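> Quick one: the structure is below, and I'll ask about it shortly.
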Amino acid sequence: MEKDTQKVVKSIGIFLLTCGGTAAASFLYGVGLTAGIRNVISAAIGIVILILLWEDHAQRGQLLQDNHRHPRRFFAAYLASFLMTMLLPLIVADAWPFVAVYVLLSLLSCPLIGVYAGTMLLMLAVLLQGGATPEFFMYIFAGFIAVGLFKNLDEEVRAAYPMFIALVMQTALIVCYHVMFLNRSLTAEILVIPIINAFLNFVLLIVILNAYTFYVVQRDSERYMEVNDPAFALMLRIREKSETEYQRAIHTDYLTQRIASALQMDQRNVRSCSYYHRAAILLEERGIEALTALYREYAIPEGAISLLQEINQYTNRAHVSAEATVVMLCDTMIASLQFMFQKNSKMQLDYGQLVDKIFEKKEADGLFENSELSVMGVRITRELLKKETLYYDFLR
């Protein structure tokens, strides 16, 4: 209840800052009473929709990285961008650095929210300046391109190519604006401000990406290291509940890591799935919503949660990712061995035959037919599982 109250207070604060800032800027720029009221109403509608979008995406787990746990990070970036927006009418529109704004807000939320927030701020800048429609669409196109190019940054943050394309496209759009809407001839003179704008965006993007790498990507990587540890708090809870389930997770992880490495999968997410795909044993109510809440309570990364949801909601002949397929195969192998060795630890097994039976059963159930795991991936998985005979003996 206290957290909900804090959310409401923060939302009201952001709403008042947005509306108050827009009213103050409208007054200082002398846009007139009618236009000022229009600007404030537009800002009010815009910020209400932005807050609702954020809350909806946060609850559904549709934000990038761990952004759902850091609303302050996004809204601090929004308020900084808003303050800059209020000052933009003081400079020529060709020099507005909106590519950096779009990229910043999308990286700290998700592409949809980033595009919306950037467009909302662009709208306010245009309204304060006097409402030049061509400039509005020019920067929207540039922002869409930038968000699309930067939406898949990974740990290595390969940004040179998307940055080059985004800035070249923005420069081209500004030049087109001069030629098509201002009816100016294409000369070297009209390239000066667009090039300055591109350099300004370049500097801002370098700062944004360095901060994003340090505060978001690296911390996300550190979070995976904490979560993917047999001594992590959620793993210890599973162990307290059932030693068999704990051992099942540990041994499943061993197999999946070897296969994920061979198939060049994301080993961090695969490991998280191996550990926590049966965490529902801790819950009295085992619906997917309660299970997802458990994962988020322990700050499991969103990439892993999406795979865990996929595994826990899987039904025969449903679409399934390659990573989830590997986890389910390895889990079935370990569960089968545990079951038989608990009955008779000295039982002699043909491990290769057991692997073949598991794969035949999964094929009959339609797993491979609807899986993203390729035919070669299925073959490699089967071969690797057959090679782990010494490890299987260790489970007796």
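> Which one of L186, L236, L173 is under 32 Å from the mean Cα position of the chain (by Cα) and in the same structural domain as R69 (by TED's automatic domain parsing)?
Going through L186, L236, L173 in turn, the sole match is L173.
> Now for a separate question. Which of the following residues is touching a residue at least 40 places away in the same chain (Cβ under 8 Å), on the phi < 0 side of the Ramachandran plot and loosely packed, with under 14 Cβ neighbours inside 10 Å: K387, K361, K346?
Of K387, K361, K346, the one residue that is touching a residue at least 40 places away in the same chain (Cβ under 8 Å), on the phi < 0 side of the Ramachandran plot and loosely packed, with under 14 Cβ neighbours inside 10 Å is K346.
> Output the number of residues of the range 189-231 satisfying the condition of being surrounded by fewer than 18 Cβ atoms within 10 Å (Cβ to Cβ), among the aromatic types (F, W, Y) and either touching a residue at least 40 places away in the same chain (Cβ under 8 Å) or not assigned by TED's automatic domain parsing to the domain that holds V147 (or both).
So the count comes out to 1.
> Next question. In the set K387, K346, which member is farther than 22 Å from L307 by Cα, assigned by TED's automatic domain parsing to the domain that holds T256, out of contact with any Gly (no Cβ under 8 Å at 6 or more places or on another chain) and at pLDDT below 90?
Within the list K387, K346, the selection yields K346.
> Here's a follow-up. Restricting to the range 264-275, what's the tally of residues that are among the hydroxyl-bearing types (S, T, Y) and over 11 Å from Y246 (Cβ atoms)?
2
> Could you tell me whether the range 93-105 includes any residue that is modelled with pLDDT of 95 or more, surrounded by 22 or more Cβ atoms within 10 Å (Cβ to Cβ) and closer than 24 Å to G30 by Cβ?
no
> Could you pull out every one of the helices (runs of 4 or more DSSP H) wholly within the range 160-254 that has 3 or more residues that are at pLDDT 85 or above, over 23 Å from G148 (Cβ atoms) and out of contact with any strand residue (DSSP E or B) (no Cβ under 7 Å at 6 or more places or on another chain)?
Correct list: 192-212, 218-227, 233-241.
> Output the helices (runs of 4 or more DSSP H) that fall wholly within the range 1-105 and possess 1 or more residues being hydrophobic (A, V, I, L, M, F, W, C), within 26 Å of the chain's Cα centre (by Cα) and more than 30 Å from N210 (Cα to Cα), or say none.
2-28, 33-60
> From the set of residues in the range 180-228 that are out of contact with any Lys or Arg (no Cβ under 9 Å at 6 or more places or on another chain) and among the aromatic types (F, W, Y), which is farthest from R268 (Cα to Cα)?
That would be F181.
> Shifting gears a bit: Kindly list the number of the only condition in (1) touching a Pro at 6+ places or on another chain (Cβ under 6 Å); (2) modelled with pLDDT under 85; (3) surrounded by 18 or more Cβ atoms within 10 Å (Cβ to Cβ) that fails for L153.
(1)
> For the range 242-256: of the residues being without any contact (Cβ under 8 Å) to a residue 40 or more places away in the chain, of a type outside the set (G, A, S) and touching a helix residue (DSSP H, G or I) at 6+ places or on another chain (Cβ under 6 Å), which is surrounded by the most Cβ atoms within 10 Å (Cβ to Cβ)?
The extreme case among them is D253.
> While we're here: If you go through the range 106-119 one residue at a time, do you hit one that is closer than 23 Å to C19 by Cβ, in contact with a Lys or Arg (Cβ under 9 Å, 6 or more places away or on another chain), of a type in the set (A, V, I, L, M, F, W, C) and not assigned by TED's automatic domain parsing to the domain that holds E310?
yes
> Looking for whichever is outside the structural domain of G303 (by TED's automatic domain parsing) and either more than 30 Å from S221 (Cβ to Cβ) or crowded, with 17+ Cβ neighbours inside 10 Å (or both) here; the options are Q65, Q59. Which one fits?
One residue alone meets the criteria, Q65.
> Does any residue of the range 321-339 turn out to be surrounded by 15 or more Cβ atoms within 10 Å (Cβ to Cβ) and at pLDDT below 90?
Within the range 321-339, not a single residue is surrounded by 15 or more Cβ atoms within 10 Å (Cβ to Cβ) and at pLDDT below 90.
The values are calculated or read from the model by the stated rules, or taken from the named source; none is laboratory data. Being a predicted model, the structure only gives us computed values, none of them experimental. Every residue, glycine among them, receives a Cβ derived from its backbone with ideal geometry; neighbour counts consider all protein chains shown.
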